[in-house]
Each structure stands twice: as C-alpha cells, then as structure tokens.
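The values are calculated or read from the model by the stated rules, or taken from the named source; none is laboratory data. Bear in mind the structure is a predicted one, so any value in this text is a computation, not a measurement. Cβ coordinates were reconstructed from backbone atoms using ideal geometry, including for glycine residues, and neighbour counts include every protein chain displayed. All accessible areas refer to the heavy atoms of the entire protein, side chains included, with ligands and DNA or RNA removed. Shrake-Rupley method; radii C 1.70, N 1.55, O 1.52, S 1.80 Å.
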Amino acid sequence: MFRLSYISLLFLLLLWMRLPVQAQDPMGLYYMETIPQSFMINPAMQPRANGFFALPSVNQNFKSDVAFKNIFQENSPEWVSPLSSKYDFDKLKRATGKALNFNESVDVGILGLGFRTGKDYLSLTFSVKSVMQSGLPYDLIRIADDGFPSGSSYDFSSLRMRGYSYQELSFGYSREWTDRLTVGMKFKPLFGIMGGTTDISTFKLETSRQEWVVRVDGSVSASAPLEVTEAEEAGDFPESIDGKDMEDDDWSDYLSSFKNSGLAFDFGAVYEFSDRLTFSAALVNLGYIKWKEDLNTLSFSGSYSFTGLDVDGADEDLDKAFEDLGDSLKTIINYQTGHDKFSTGLTPEFYIGARYQVSPTFTLGVLSRSMFQKYNFRQDFNFSANVQPYSFLAFNLNYSLRPGGGNGLGTGFSMLLGPLQLYMLADYIPTRYSTVYMDEDEFTMFPNARNVSVKMGLNLIFGRHGYRDRPMLGQL
C-alpha cells in the first residue's frame with residue numbers, strides 16, 4: 001500500500017480542518033413559535049408574539065460528509081492517519097461518495113422587525129451572510145492507497161470550491177388564508193460583497209506504462225480585490241495573483257457596495273389538519289447573485305500526454321508523479337484570463353414536517369430537511385419535543401438523524417426578561433469524545449461529529465401571548 005506524501009496529506013487535512021454555507025438554522029428552531037426567527041425557516045410560520053424587534057444574532061453552521069473517525073482511524077491504543085500502513089482505506093471509501101463535501105456558513109443578523117395585522121404577519125430583516133463550500137474527489141484520496149498504477153483512470157471533475165459573502169434584505173409576508181391554511185413567502189434582494197467559484201467540467205487522468213494523459217476543461221471566477229498579472233505569452237499561466245493594497249476607507253466602500261445584485265425567494269405553507277395535528281412545508285433559498293465588480297476569470301482547457309510511470313513503490317516515486325502532473329497543468333495546459341461576469345446560485349433547501357399538540361404547553365414534532373447542491377444531496381431528519389412551562393420560558397429537546405452517520409442531540413431555550421428575549425439553540429451537539437494519541441501527541445476530539453449548528457440572539461417582544469382571540473387546547 002502507498003503512503004500519502006506529506007504535501008498531499010496536508011492538503012487533505014487543511015480542507016477537513018476548515019470546517020470549524022446558505023447558513024442553516026438549527027432544526028430545533030422550526031417548532032419554537034415563541035422565537036420569532038422560526039419564520040426564517042418557513043415563511044408561513046407566524047410567530048406567537050404580536051410584534052417583535054430583532055436585535056443582533058449569530059448563526060454558525062458546518063456540515064461535512066466525513067467525521068474525524070473517518071479520516072483518522074482508531075487502532076488501539078492509538079489513532080492512525082493515511083500515512084500509516086495500518087490505515088484501512090475501505091472504511092474511508094464506505095463513508096464517502098463521488099466527492100467529500102464540506103460546507104461552512106455564518107449568518108449575522110443585524111436588525112429586523114415583524115408585526116401582526118389581522119390575519120397577516122409582516123416582517124423585514126437585514127443580515128450579512130458568508131458561505132464556503134468545497135468538494136474533494138474521492139479519486140484524489142484513492143491515490144494514497146493505490147498510487148498511480150498502469151491502466152488506471154482517475155476522475156477529479158468533482159473538485160470544486162465556492163465561497164461568497166453577501167448582504168440580504170428580507171421582506172416576509174404570511175397570511176391565514178383559511179381557518180386551517182396559512183401561506184407565506186419571502187422576497188430577498190441580495191447584494192454580493194465578495195465571491196469566487198470553480199466550474200470544472202472535465203479533469204481526468206489516464207495512466208499506462210507508455211504515457212499518462214491529462215484532460216482538463218474548466219474555469220475559476222472571482223469577484224474580489226485581486227491584481228492579476230498576465231503572462232508574457234498568450235496561453236501561459238498568469239505571472240502572479242495578488243491582493244490589492246487597500247486603505248480602511250477603500251474597504252468600507254468595498255464592503256458596502258450594492259453593485260453585485262441578486263434575488264431569492266422562500267415559500268411556505270402550514271395546514272392545521274385537526275385541532276392537535278399540523279402539517280407544514282417550505283422551499284427556501286431559490287435564488288442567485290450576479291457578480292459584476294472586480295472580476296477576474298481564469299479558464300483552462302487542453303489535453304496533454306507525457307511519459308508514463310508505474311508508481312507502486314517508494315514515496316519519492318509518488319512525489320515525482322505529483323510533480324510531473326503539477327508541471328503539466330501549469331505549463332502545458334492553455335490558460336486564458338478575462339473579466340467575465342458570472343453568477344452563483346444559493347443552495348435550495350426543502351422542509352416538510354408535522355407537529356402534534358399534546359397539551360397547551362407541550363408539543364411533539366418531526367421534520368425532514370433536504371439540501372440540493374452539486375454532487376451533494378443531503379438529508380436530515382429531526383424529532384423534537386417543545387415545552388413552555390411558563391409564558392416567559394420555553395425549551396426544546398431534539399434528536400437529528402443523517403443517513404450515513406453523524407446523528408446528534410440538539411436543544412434550545414428562550415427566556416423573557418420583561419420585553420427582552422434571549423434565545424440559544426444548537427443541533428448535532430457532540431455527545432462522545434475520545435482521547436487521541438497520535439505521533440506521541442495527546443488531545444481530545446469528538447470522533448463522530450459531522451455537523452454543528454449554533455444560533456443565539458436577542459429580541460424585543462411585544463404581545464408575547466399572541467393569538468388572544470383563540471381558545472387554548474385545554475379549553476376545547
């Protein structure tokens with residue numbers, strides 16, 4: 001078995017460690033109607049409060065296809081890395097698909113407000129969001145196990161990176177259409193700050209003893225303060241790619257720009273099947289951002305063959321293979337620089353749920369969340385219990401399931417101190433930890449964690465009881 005070169009392993013670990021996009025709210029928030037932000041997941045959800053003023057909030061989320069225990073494996077009494085001859089790559093393969101996907105997002109709510117008027121509920125919020133999504137082809141990791149034997153084919157086309165930050169205005173409207181049905185939508189103008197994306201349609205390598213053949217076709221686009229110095233000869237890789245020298249005032253103007261515009265929509269519905277049982281669904285983040293400022297595009301295409309190697313031996317052979325492959329991509333492939341406009345789509349999510357009201361203060365809920373992303377369809381299921389023992393205090397306890405692993409507990413609470421509401425929620429809280437011994441180092445790690453989602457913030461609540469003209473369940 002081959003051992004992965006130190007440079008390749010470092011690349012792998014850096015991608016994994018950057019875990020700690022569309023920002024996903026904790027699923028426990030969905031049925032906590034005492035927290036007005038529940039309408040951010042389903043725009044048809046009408047908060048219990050007759051009115052609210054949202055103060056700053058923070059939502060941090062990361063999601064990965066693999067956990068620590070998948071990249072590093074326990075081999076008592078130590079944990080081993082892909083550098084070890086004891087590493088079992090079959091276990092890693094079972095935990096991945098065509099690509100290992102990593103998603104990180106941060107959502108900072110700046111201000112917001114909402115109020116009820118008859119059967120309608122109106123809201124307006126402003127937030128700043130940052131998203132990072134990356135995909136690592138399994139064939140790239142497979143090299144650590146197989147090397148580059150003759151007669152092999154590698155497909156790296158799923159290699160991708162997409163990151164963007166933007167400002168979002170959200171106008172929400174929810175209406176009780178009938179006594180049973182409530183519908184809602186959100187209209188969200190978007191304003192991009194910085195963004196970048198890869199678009200690789202072909203990146204393949206075929207090996208034989210006679211020759212290796214590399215075929216590539218794709219592009220990298222960015223809207224960011226960059227200086228690109230083109231090569232002297234057309235078709236060569238750029239001489240340099242550096243950041244612009246900018247003063248504080250330049251950064252202020254840059255970060256407050258509204259030139260990279262976009263648009264998104266959310267749709268939702270809530271149906272009261274009976275006095276106790278309620279069904280709901282939402283389709284959110286249907287939108288895009290068009291990037292028009294500080295544009296730089298690097299496109300590449302071509303096919304190149306060079307003398308083949310049958311790499312099945314020492315590390316230096318594998319390092320030489322990587323070096324030859326890198327040289328061919330940089331010096332032989334045809335590159336074109338430009339300043340083309342591009343767009344990035346948001347990550348659509350679909351929610352469907354059911355809630356059962358056991359008593360006026362206790363409800364049970366089940367929720368399904370589907371995320372649609374290139375090379376990455378992900379499904380989550382959540383089961384929750386919600387308790388409000390007093391009008392100023394509410395709790396949530398939930399458990400989330402991810403097919404393929406990564407299950408976890410979640411919880412949340414909201415507390416009113418007069419009109420001031422404090423809330424905090426978290427999904428996929430790690431419940432198991434291990435002491436890891438590796439290369440004579442010792443540290444504590446959560447081996448099963450793949451997701452973490454945390455949200456906290458403050459609101460001013462007005463008319464916290466809401467629904468004053470409706471009888472409570474216990475009075476029916």
**Q.** Shape call, segment 150-231: gyration tensor on alpha carbons, a/c limit 1.5
**A.** oblate
Q. If you add up the charges near Met27, with Lys and Arg at +1 and Asp and Glu at -1, over every other residue whose beta carbon is less than 9 angstrom from its beta carbon, what do you get?
A. -2
**Q.** Residues of segment 157-247: accessible area per residue with a 1.4 Å probe, Å²
**A.** 50
Q: Can you tell me what the convex hull of the Cα atoms of segment 88-231 projects to on average, as an area in nm²?
A: 15.0
**Q.** segment 206-254: trypsin sites (Lys or Arg not before Pro) in DSSP loop, at most 13 other beta carbons within 10 Å
**A.** Arg209, Lys244
Q: Let me have the relative contact order for segment 98-244, percent, based on Cα pairs under 8 Å that are six or more residues apart.
A: 19
Q) Rounded if a/c is under 1.5, else prolate if a/b beats b/c, else oblate: with a ≥ b ≥ c from the C-alpha gyration tensor eigenvalues square-rooted, which is segment 180-274? A) oblate
Q: Anything over 25 Å Cα to Cα? Flag those among Lys341/Lys455; Lys188/Lys292; Lys63/Lys259, in the order listed.
A: Lys341/Lys455; Lys63/Lys259
Q | Loop-located chymotrypsin sites (Phe, Trp or Tyr not before Pro) in segment 128-212 whose Cβ has at most 15 other Cβ within 10 Å (DSSP) | A | Trp177
Q: Pairs to check: Lys186/Lys244; Lys86/Lys129; Lys86/Lys204. Give those whose C-alpha atoms are more than 32 Å from each other in this structure.
A: Lys186/Lys244; Lys86/Lys129
Q.
With the cut-off at 1.5 for a/c, could you classify segment 196-239 from its C-alpha gyration tensor as rounded, prolate or oblate?
A. oblate
